[in-house]
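Peer 1: Right, I'll just put the structure down here and ask away after.
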Amino acid sequence: MTRERVYIGDADGMLHAVSVRDGKPVWTFKTTQEIKSSPVIVDTTVLIGSYDGHLYALDAASGKVKWKVETDGPVHATPSVQDGVIYIAGCDENFRAIRLSDGRELFKIPEGANTAASPVVEGDRAYVGTFNNEVLAIDLRSRRVVWRYENPDRQFPFYSSAALSAGRVVLGGRDKSIHAINAATGKVAWTYATRARVDSSPAVAGGRVYVGSSDGRLYVMDLATGQKQWEFDAGAPITASPAIAGDRLVVGTVDGRVEPPPSLRPSSFSSHRLSRALCLRLTGHSGAGRQTPALPRKRRCRKPGATPRTSPGRRSSPASACRPQSFLANACS
């Protein structure tokens with residue numbers, strides 16, 4: 001998203017550029033298969049991956065192709081960009097560095113597994129989880145994997161994209177746990193077990209980790225110690241990544257009923273379904289692993305006076321990564 005336009009990919013393989021001012025389409029670009037990657041805007045270029053196996057660089061103003069790179073599998077992950085270089089992992093078991101200006105592949109490193117997560121890059125290192133139950137640290141100068149982390153007790157894939165803060169690599173696992181790893185050594189700093197797999201990618205702010213779980217709860221953890229500060233029951237699985245601005249947090253649920261706790265329910269409140277998004281106020285919590293009575297408060301993520309959207313039934317969970325929807329049973333699940 002820029003000040004003027006929103007860029008959105010869809011399951012039909014279309015990337016849409018939409019005017020922020022009036023919501024009208026500006027241009028569309030069609031790939032040959034679905035788009036699950038999120039667009040990344042760098043100056044005048046929009047980067048988007050498609051399940052047709054390509055990473056595309058498009059002109060942000062016109063939607064015309066500047067260049068495209070073909071990989072050996074679907075491009076599910078969202079690329080990361082640093083100093084004019086794109087870093088992307090994929091469903092072809094490779095980690096790539098691609099020059100932003102012309103699409104030239106600078107190097108490729110075998111990962112040994114499909115990867116749906118987006119790499120987090122800082123300095124000369126990139127960190128990413130794989131479907132081979134590992135988290136990798138990749139040295140971008142020597143172009144090699146410098147450490148591999150896996151849970152010694154439970155081997156499950158990592159779908160969540162990592163956050164990096166204060167020397168900690170933090171991400172969720174399909175072993176139902178949140179993992180904090182020492183970025184320098186690859187040794188575990190702490191883990192916390194939730195009640196279901198954690199596909200949500202964490203956000204870090206103020207020394208706290210905010211991450212959702214498929215058990216329907218948003219967890220808030222101390223980054224340094226792993227102690228739970230509080231949790232919030234959203235009522236439906238959370239696979240989306242939280243977004244934080246000021247003292248507000250917004251996160252989407254798979255199919256949630258937005259309803260405040262009984263102590264906060266106004267007399268005029270009636271249960272209804274919204275567009276599966278929750279707004280929470282982050283202030284007012286104690287730091288001793290419990291929440292204060294007044295907060296958090298579910299807020300309606302819509303404009304005043306807008307009519308809530310309803311849904312007559314439950315929606316199915318999102319499709320698995322790295323596989324067209326007709327082949328969901330076995331791959332990358």
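The values are calculated or read from the model by the stated rules, or taken from the named source; none is laboratory data. Here the structure is a predicted model, which means the values were calculated and not measured. Glycine gets a Cβ as well: all are built from the backbone with ideal geometry, and neighbour counts include every protein chain shown.
Peer 1: Taking Tyr127 as the residue in question, decide whether it is part of a strand (DSSP E or B) and in contact with a Lys or Arg (Cβ under 8 Å, 6 or more places away or on another chain). Explain how you work it out, then say what you get.
Peer 2: Values: part of a strand (DSSP E or B): yes; in contact with a Lys or Arg (Cβ under 8 Å, 6 or more places away or on another chain): no.
So Tyr127 does not fit the description; no.
Peer 1: Assess whether Gly206 counts as being surrounded by fewer than 20 Cβ atoms within 10 Å (Cβ to Cβ), on the phi > 0 side of the Ramachandran plot and in contact with a Ser or Thr (Cβ under 8 Å, 6 or more places away or on another chain).
Peer 2: Working: surrounded by fewer than 20 Cβ atoms within 10 Å (Cβ to Cβ): yes; on the phi > 0 side of the Ramachandran plot: yes; in contact with a Ser or Thr (Cβ under 8 Å, 6 or more places away or on another chain): no.
When the stated conditions are applied, Gly206 does not pass them.
Peer 1: Sticking with this structure for a sec: May I ask you to list pairs of residues, at least six apart or on different chains, whose Cβ atoms are under 9 Å apart, with the first in the range 221-249 being without any contact (Cβ under 8 Å) to a residue 24 or more places away in the chain and the second being surrounded by fewer than 16 Cβ atoms within 10 Å (Cβ to Cβ)?
Peer 2: The qualifying pairs are Asp233/Pro261.
Peer 1: Exactly one of (1) assigned to a loop (DSSP other than H, G, I, E, B); (2) under 19 Å from Gln33 (Cα atoms); (3) touching a Ser or Thr at 6+ places or on another chain (Cβ under 6 Å) is unmet by Ser118. Its number?
Peer 2: The failed condition is (2).
Peer 1: Let me ask another. Checking the structure you have, find out if any residue of the range 108-115 is in contact (Cβ under 8 Å) with a residue 12 or more places away in the chain, under 29 Å from Gly206 (Cβ atoms) and not assigned by TED's automatic domain parsing to the domain that holds Ser50.
Peer 2: No, the range 108-115 contains no residue that is in contact (Cβ under 8 Å) with a residue 12 or more places away in the chain, under 29 Å from Gly206 (Cβ atoms) and not assigned by TED's automatic domain parsing to the domain that holds Ser50.
Peer 1: In addition: Checking Gln33 against (1) surrounded by fewer than 20 Cβ atoms within 10 Å (Cβ to Cβ); (2) among the polar types (S, T, N, Q); (3) under 30 Å from Arg143 (Cα atoms): exactly one of these is not met. Which one?
Peer 2: Exception for Gln33: condition (3).
Peer 1: While we're looking at this one, here's another question. Going through Lys176, Lys187 one at a time, which residue ends up being modelled with pLDDT of 95 or more, at positive phi and among the charged types (D, E, K, R)?
Peer 2: Lys176
Peer 1: Quick one: Asp175 ticks every box in (1) under 23 Å from Asn94 (Cβ atoms); (2) in the same structural domain as Thr253 (by TED's automatic domain parsing); (3) surrounded by fewer than 22 Cβ atoms within 10 Å (Cβ to Cβ) except a single one, so which number is it?
Peer 2: So Asp175 meets the others, but not (1).
Peer 1: Regarding Gly90, is this residue touching a strand residue (DSSP E or B) at 6+ places or on another chain (Cβ under 8 Å), at pLDDT 95 or above and surrounded by 18 or more Cβ atoms within 10 Å (Cβ to Cβ)? Give the derivation first.
Peer 2: On the way: touching a strand residue (DSSP E or B) at 6+ places or on another chain (Cβ under 8 Å): yes; at pLDDT 95 or above: no; surrounded by 18 or more Cβ atoms within 10 Å (Cβ to Cβ): yes.
Considered against the rule, which asks whether it is touching a strand residue (DSSP E or B) at 6+ places or on another chain (Cβ under 8 Å), at pLDDT 95 or above and surrounded by 18 or more Cβ atoms within 10 Å (Cβ to Cβ), Gly90 comes out as no.
Peer 1: Also: Among Ala243, Ala205, Ala189, which is out of contact with any Phe, Trp or Tyr (no Cβ under 8 Å at 6 or more places or on another chain) and farther than 23 Å from Arg125 by Cβ?
Peer 2: Ala243
Peer 1: Can you tell me which residues in the range 57-81 are outside any loop (DSSP other than H, G, I, E, B) and free of Cβ contacts under 8 Å to residues at least 40 places away in the same chain?
Peer 2: Listed by number, the residues that qualify are Asp59, Val65, Lys66, Trp67, Lys68, Val69, Glu70.
Peer 1: Anything in the range 1-35 that is among the basic types (Lys, Arg) and over 13 Å from Asp52 (Cβ atoms)? List them, or say none.
Peer 2: Passing the criteria: Arg3, Arg5, Arg21, Lys24.
Peer 1: One residue is enough: does the range 49-56 have a residue meeting the conditions among the hydrophobic types (A, V, I, L, M, F, W, C), more than 21 Å from Asp12 (Cβ to Cβ) and part of a strand (DSSP E or B)?
Peer 2: Within the range 49-56 (the criterion being among the hydrophobic types (A, V, I, L, M, F, W, C), more than 21 Å from Asp12 (Cβ to Cβ) and part of a strand (DSSP E or B)), the answer is no, since none of the residues qualifies.
Peer 1: Same structure again: Which one is surrounded by the most Cβ atoms within 10 Å (Cβ to Cβ), of the residues in the range 131-145 that are touching a strand residue (DSSP E or B) at 6+ places or on another chain (Cβ under 8 Å) and assigned to a loop (DSSP other than H, G, I, E, B)? Lay out the reasoning, then the answer.
Peer 2: At the first step, the residues of the range 131-145 found to be touching a strand residue (DSSP E or B) at 6+ places or on another chain (Cβ under 8 Å) are 134-140, 143-145.
From the residues that got through so far, the ones that are assigned to a loop (DSSP other than H, G, I, E, B) too are 134, 140, 143.
Working: Glu134: 22, Leu140: 20, Arg143: 13.
Applying the filter and picking the extreme gives Glu134.
Peer 1: Of all residues in the range 186-203, which are surrounded by 14 or more Cβ atoms within 10 Å (Cβ to Cβ), within 22 Å of Ile238 (Cα to Cα) and not small (Gly, Ala, Ser)?
Peer 2: Within the range 186-203, Trp190, Thr191, Tyr192, Thr194, Arg197, Val198, Asp199, Pro202 meet the criteria.
Peer 1: Got at least one residue in the range 2-21 being assigned to a loop (DSSP other than H, G, I, E, B) and touching a Gly at 6+ places or on another chain (Cβ under 8 Å)?
Peer 2: Looking through the range 2-21, none of the residues is assigned to a loop (DSSP other than H, G, I, E, B) and touching a Gly at 6+ places or on another chain (Cβ under 8 Å).
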